[in-house]
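*Asks:* Can you keep this structure in mind? I'll have questions shortly.
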Amino acid sequence: MNKEIDPQDEIDVTNLLLNLKIMRENHCAGCGATICGHEALMSLVMGSKDTPRCWQCLSTALAYDREVLRDHLFALIARRSCYYAGWSWANQDEGFEKDACPNCLWPTLSTHDSSKQPILSSVVQDRTPTHDTDSKCDAEWDAGDMGCGDLVLDLRIRLQSLVPGQILKVLATDPGAKEDLPAWCRMTGNTLVASHHPAYLIKRKTIPGTDDVNICEHMKSNEISLTN
């Protein structure tokens, strides 16, 4: 799988790689275990750059099956040049081929068997709602050209300030927002009620359990919090 980096993404890639190197030096915010570059990237994609988690803890916190979460995130990573640059860096840093399936995430898969490469999930290919983005909202946020992990990190924090059911209008000019925001909403349980790039209306999830903005209450028994 070849991914060419658009020249305009070079600054984003540089910043993303710097963040990954810093995150990899930390331990999992859930269990305290060492995290690898791929786990750091998955946490960054999910907006948890400030509280990175290992694969198991991230899956538990989001109430996802580990393999389902892995495949969904890989689908998004593979479609975004800046994220894929981070994936390739993690592979090379851990001694794998650039386009290999690393043993840390595919422990039973031979990295040399190209016929068994994972099938990209359709999670980022679903059509998203397109309604009137001028509809009533409870708060607005102009994210500018923020992207590659920082966008969903700040989005998660801003949703925390809303009550469940309230709607945040986001203006995000980064081209990757068209894939990042719908995928993030689907995977966290928040609702993308309207989208017409660069405007997105996002409703904070009303049922606690699989939403990372409510995960603190949901996972108290496991001492896992995405809001540390």
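*Asks:* Using the number of other C-beta atoms within 10 angstrom as an exposure proxy, rank 135, 81, 43 with the fewest first.
*Replies:* The fewest-first ordering by Cβ neighbours comes to 135, 81, 43.
*Asks:* Still on this structure: May I ask you to sort 84, 64, 200 by Cβ crowding, counting other Cβ atoms within 10 Å and putting the fewest first?
*Replies:* Least crowded to most crowded, the residues run 64, 84, 200.
*Asks:* May I pose another question? What is the gain in length, in nm to one decimal, between residue 140 and residue 63 on full extension, counting 0.36 nm per residue of separation less the C-alpha to C-alpha distance?
*Replies:* Working: separation 77, 0.36 × 77 = 27.72 nm, distance 2.85 nm.
Gain on stretching residue 140 to residue 63: 24.9 nm.
*Asks:* What's the FRET efficiency of residue 10 with residue 93 using the Cβ-Cβ distance as r and R₀ = 22 Å, to the nearest 0.05? Walk me through the intermediate numbers first.
*Replies:* On the way: r = 19 Å, r/R0 = 0.88.
Efficiency, from the Cβ-Cβ distance: 0.70.
*Asks:* Neighbour counts of other C-beta atoms within 10 Å: give me 204, 70 arranged from fewest to most.
*Replies:* Details: 204 24, 70 21.
The order, fewest Cβ neighbours first, is 70, 204.
*Asks:* With the cut-off at 21 Å, tell me which of the pairs 21/203; 49/98; 21/49; 98/178 have Cα atoms farther apart than that.
*Replies:* Values: 21/203 33 Å; 49/98 23 Å; 21/49 11 Å; 98/178 26 Å.
Pairs exceeding the cut-off: 21/203; 49/98; 98/178.
*Asks:* Of the peptides 149-157, 137-145, 27-35, how do they stack up when ordered by the mean number of other Cβ atoms within 10 Å, highest first? Before the final figure, lay out each step's value.
*Replies:* Numbers: 149-157: 21.3, 137-145: 15.1, 27-35: 16.7.
Final packing ranking: 149-157, 27-35, 137-145.
*Asks:* If you average the C-alpha positions of the stretch 133-155 and of the stretch 47-78 separately, how far apart do those two centres end up, in angstrom?
*Replies:* Comparing the Cα centres of the stretch 133-155 and the stretch 47-78, I get a distance of 21 Å.
*Asks:* Given R₀ = 30 Å, FRET efficiency for residue 25-residue 103 by Cβ-Cβ distance, to 0.05?
*Replies:* Values: r = 21 Å, r/R0 = 0.71.
Here the calculated transfer efficiency is 0.90.
*Asks:* What number comes out for the charge environment of residue 37, summing +1 per Lys or Arg and -1 per Asp or Glu over other residues with Cβ under 12 Å away?
*Replies:* Values: positive: 21, 24; negative: 25, 39, 93, 94.
Charge balance near residue 37 sits at -2.
*Asks:* Using a simple spin-label model with points 7 Å from Cα along the Cα→Cβ vector, what separation in nm is obtained for residue 166 and residue 34?
*Replies:* 4.3
*Asks:* Across bins of 10 angstrom width beginning at 0, how are the C-alpha pair distances of the stretch 7-120 distributed, in whole percent?
*Replies:* 14, 49, 32, 5
Where a number appears in this text, it was derived from the coordinates with a stated rule and is not lab data. Small disclaimer: the values here were computed from a predicted structure and weren't measured. Methodologically, a virtual Cβ is constructed for each residue, glycine included, from the backbone with ideal geometry; neighbour enumeration extends over all protein chains shown.
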